[in-house]
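Heads up, the thing below is written out as structure tokens.
The values are calculated or read from the model by the stated rules, or taken from the named source; none is laboratory data. Not measured: the values here are computed from a predicted model. No Cβ is skipped: glycine too gets one built from the backbone with ideal geometry, and neighbour counts run over all protein chains shown.
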Amino acid sequence: MNIPSLQNEVSPEEWQLRCDLAACYRLVALYGWSDLVFTHISAKLPESVTGPGAHHFLINPYGLMFDEITASSLVKVDEQCNKVIDSPFPVNPAGFVIHSAVHEARRDAGCVLHTHTRAGVGVSAQAGGVLPISQQSTFVLASLAYHAYEGVAFRDDEKPRLQADLGRANFLVLRNHGLLTVGKTIADAFLSMYTFEATCRIQIDAQAGGGALTPVNPLIVQGVSEAMRVQTGGMGGAFVWPALIRKLERLDASYRS
């Protein structure tokens, strides 16, 4: 696709955020978490870019596959999903309902990542939810919430219930629907989803074996926040993001066009 570059039309700070979000979309496609053109990843622009009190977000142009998305094709919208700058690409206001609810309630949410993966939806349909049966699950369980299914999420009246269910958690199981992660940065949200998805795949695989499962000691879950800090040198997603970008650059650098 021939998409004119916006690099000289936006601030360097916004351009970097666009490159990181486009990279995130490409990585989600690369790891097999996408659902054709459906689901979204949103990133909030800092007030240093938007101005005091303004809340603007970047989101995917609706109808593009995740492996087609570029920094310049991302659409800038406000909290009602109205375009802030002109774009030839459509957006999906209904798809932004979940994201706008999270961003509204969690001003610390720099990025909201939502998926409909087979394993994620599978676990979301299980009455027991995420089980403490893997090291990966302990990281999720330390900050996990659930939201009951209310049908396709396009009604604003669902927002208060979703916000109340999420609270301060960074991992959310949308029952019968999928997974969602909240991160201060795009890198944080991606690393959280990588862990979340691995947790669900491991759980489905372990259950498929048919044998009794060995749960993790609950005391280990309680101390997992410190374990994660040590594991990433206190950097969170920033610890792995440069390596992920190098991987993407080797495969296809067109995301930053």
- Message: Contact list please: Cβ distance under 6 Å, first residue in region 234-257 and under 11 Å from ASP20 (Cα atoms), second residue of a type in the set (Val, Ile, Thr) and in a loop (DSSP other than H, G, I, E, B), pairs at least six apart or on different chains.
- Response: TYR255/THR70
- When residues of region 145-181 are filtered for being surrounded by 15 or more Cβ atoms within 10 Å (Cβ to Cβ) and basic (Lys, Arg), how many remain? 2
- Task: From the list ALA169, ALA187, pick out the single residue that is within 28 Å of GLN16 (Cα to Cα), among the small types (Gly, Ala, Ser), under 18 Å from the mean Cα position of the chain (by Cα) and not in a helix (DSSP H, G or I).
- Result: ALA169
- Query: Do you know which residues across region 146-198 are over 27 Å from PRO242 (Cα atoms), modelled with pLDDT of 95 or more and aliphatic (A, V, I, L, M)?
  - Reply: ALA148, LEU162, ALA164, LEU166, VAL173, LEU174
- Message: Condition first: in a loop (DSSP other than H, G, I, E, B) and of a type outside the set (Val, Ile, Thr). Now tell me which residues in region 150-166 satisfy that.
- Response: GLU150, GLY151, ALA153, PHE154, ARG155
- Message: It is to be established whether one or more residues within region 59-69 are of a type outside the set (Ser, Thr, Tyr), within 22 Å of ALA109 (Cα to Cα), out of contact with any Asp or Glu (no Cβ under 7 Å at 6 or more places or on another chain) and part of a helix (DSSP H, G or I).
- Response: yes
- Within region 108-122, track down each residue that is closer than 10 Å to ILE204 by Cβ and not charged (D, E, K, R). ALA119, GLY120, GLY122
- Condition set among the polar types (S, T, N, Q) and modelled with pLDDT of 95 or more, scope region 99-135, selection nearest to VAL182 (Cα to Cα): answer is THR115
- In the set VAL91, VAL37, VAL75, which member is within 18 Å of the chain's Cα centre (by Cα) and under 19 Å from THR117 (Cβ atoms)? VAL37
